[in-house]
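Below is one structure, written out as structure tokens; comments come after it.
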Amino acid sequence: MLIYLPIAEVSVNAFVLLGLGGMVGILSGMFGVGGGFLMTPLLFFIGIPPAVAVATEANQIVASSFSGVLAHFRRKTVDLKMGFVLLIGGLIGAALGVVIFNYLKSLGQVDLLVRLCYVVFLGIVGGLMFIESLNAIRRANKPQTGGPRKRKQRGWVHAMPFKMRFRTSGLYISVIPPILVGVAVGILAAIMGVGGGFIMVPAMIYLLGMPTKVVVGTSLFQIIFVTGFTTLLHATTNYTVDVVLAVLLLIGGVIGAQVGTQIGTRLKAEQLRILLAALVLLVCGKLALDLLLQPSELYSLGAAGGH
Amino acid sequence: MLRWLILPLLLLPTLSLAEEVVLGLSSDEVSITTRFDGDEILIFGAVKRDTPIPDGPPLQVVIAVAGPSEPVTVRRKARRFGIWVNTDTVEVDRAPSYYTVATSAPLEEVLSSTEDLRHKITIDRAIRSVGAPQDIQDAETFTEALIRVREAQQLYQHLEGAVAVDQQTLFRTEIDLPANLTEGAYATRIFLTRGGEVVSSTETAIDVRKVGLERWLYSLSRRQPLIYGLMSLAIAIVAGWGASAAFRLLRER
């Protein structure tokens, strides 16, 4: 069933979109990741203009994170104070990201920027995940040697000014590192159309030293507002948010996520992670090849005038 | 004798009236709906004439359908630091978003190049490109690329021999409109030619517009982008929440 997307101005099969949403949803349910970093490149592959893919994906992430954050609020696993500090950084970052995005769009380099960001981040994340899960499998096969590694208690993070007490996380640290983390995630959200959880969650655990149980809820809380803000910025400056596309992806995504959660509980974590890592590297490789190989058509068309 | 002197003078401004087109369209409106995946328009007509069919080369028909013209930026990629990036840019001042030329015989038989130039019939003539940047020597390759890219997208079509002419009087052709159309009035011109010279022409317009939900969403996104953005967020949240609630209900049963 072909459906005409009013903003993307292309005709796409609705079942392909539902299926894509479902597939990425299953993965995100299985691995507990947002899935934006897989969905946006997949949208490029089926012919959605990159600018529309990025903006629409931001819209979809708001919605798919919403029910998640509600569940975390019920379990009281959201550090609101930390969330707000991260959010301040996030909003600044998102605004910066959209400015960069629009500037490069006027230069005709926005596709390159988005693709390059994806190649770099998917490459890093996929590579690290692959090595990590290989090691985990190797460790599981061998008898346990040595005790757990000691975490560094005091680093440069604790030496900064403007300290603040975060009661839910049990932290007393400077507000500068969380704001910087927020800015970085905001920029990524605006340029790549991702929630940024895959950067923020490790940063919160290893950099800020937050307890693992509040990390996911707090990051979801920040992601909702940052991607929501990004959606509005893209909608008002680029007119690239396609609500029909977002809803179709979302419906597939929500159902897929439920199925994925069920599958995830029944499979071995390390093997799952290796699969996800392989998939991330595959998408990264495809994007990299597009940049490295000579395209069959060297010329491309764009609307004139730097809008 | 006097009559023969005056006649050419009389004929001059009304030459095109000796043979006149009576035109029909299967529809003069194309609606882009949610289910739109292209359309086909039948253009047909008859030649009305008061005199018998003239001797000489047979009557030929050229039909040109043009979408709204806009400036277009054409970019060329080149290898920089090992990856392919956009480097050179040429602004084409005016290029139709859609263009189809259908003829009743090979183009060079039905249309002389002077007539083509005068009426701007073929795709090359319909595109206007002046003032490429100084540093780009081969500006015309950008125009060629524009035509090539749009031909690949079925937006520019060259249909030689696609117009059927019957008894030098009736003609018909089918024009394919792809799914990726721009909104606007699509100027449809019909030329009757003999020996490459245009003897008559007529013009009409096919209206292509988004309708219903498509129209509403598109115009809201341009006129009230903030409200559109907020609405997109609200719809997405409700849809996401609803889908997960529905799924939970289904599982609990």
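As a calculated quantity, the FRET efficiency between B:GLU115 and B:ASP55 at R0 = 22 Å, using C-beta atoms, amounts to about 0.60.
For A:LYS268, the aspartates and glutamates whose Cα comes closer than 17 Å to its Cα, not counting residues fewer than 8 places off in the same chain, are A:GLU132. Short to long, the 5 Å bins of the Cα pair-distance histogram for the stretch B:41-177 hold 2, 9, 16, 17, 17, 12, 9, 7, 5, 3, 2, 1, 0, 0, 0 percent of all pairs. Rounded to the nearest 20, the Cβ-based charge dipole of chain B about its Cα centre (Lys and Arg +1, Asp and Glu -1) stands at 1260 debye. Going by Cα centres, the stretch A:1-39 and the stretch B:167-211 are how many Å apart? So the separation of the two Cα centres works out to 39 Å. If you model the stretch B:149-253 as an ellipsoid using its alpha carbon gyration tensor, with each semi-axis the square root of five times an eigenvalue, the axes come out at 49, 18, 12 Å, biggest first.
For a modelled paramagnetic label at A:LEU107, 7 Å from Cα along Cα-to-Cβ, the residues of the stretch B:72-89 in reach, with backbone nitrogen under 17 Å, are B:75-89. Normalised by 2.2 N^0.38 Å, where N counts its residues, the alpha-carbon radius of gyration of the stretch A:1-154 equals 1.32. Rg of the Cα atoms in the stretch A:36-82, relative to 2.2 N^0.38 Å, amounts to 1.52.
Longest stretch of chain A clear of exposed loop sites (trypsin sites (Lys or Arg not before Pro), DSSP loop, at most 12 other Cβ atoms within 10 Å, sites excluded): A:168-267.
Of A:GLY126, A:GLY170, A:GLY264, the residue with the greatest mean-square motion in the GNM of chain A, using alpha carbon springs below 10 Å, is A:GLY170. Label-to-label distance, B:GLN137 versus A:ARG165, with points set 7 angstrom from Cα along the beta-carbon direction: 7.4 nm.
When only the Cβ of Lys, Arg, Asp and Glu is charged (+1, +1, -1, -1), the dipole of the stretch A:150-281 relative to its Cα centre reaches about 860 debye.
Its convex hull of Cα atoms gives the stretch A:166-233 a direction-averaged projected area, equal to a quarter of the hull surface, of 4.3 nm².
Spin-label model, A:SER300 to B:ARG253: label points 7 Å out along the Cα-to-beta-carbon direction sit 4.7 nm apart. Once divided by 2.2 N^0.38 Å, the Cα radius of gyration of chain B becomes 1.38. Residue pairs exceeding 23 angstrom between C-alpha atoms, taken from A:LYS286/B:LYS77; A:LYS81/A:LYS213; A:LYS105/B:LYS210: A:LYS105/B:LYS210. If you model the protein assembly as shown as an ellipsoid using its alpha carbon gyration tensor, with each semi-axis the square root of five times an eigenvalue, the axes come out at 60, 24, 21 Å, biggest first. With the convex hull constructed from alpha-carbon coordinates only, chain A shows a mean projected area of 17.7 nm² over all directions. For an R0 of 60 angstrom, estimate the FRET efficiency from the Cβ-Cβ distance between A:ARG75 and B:GLU203 and round to the nearest 0.05. The pair A:ARG75/B:GLU203 has a calculated efficiency of 0.30. Working from label points 7 Å from Cα in the Cα-to-Cβ sense, the B:ARG94 to B:LEU42 distance is 3.4 nm.
Any read-out appearing in this document is the output of simple, stated calculations on the displayed coordinates, not a laboratory observation. Model, not experiment: these values are computed from the prediction. When we count neighbours, we look across all protein chains shown, and the Cβ atoms used for this are built from the backbone with ideal geometry, even at glycine.
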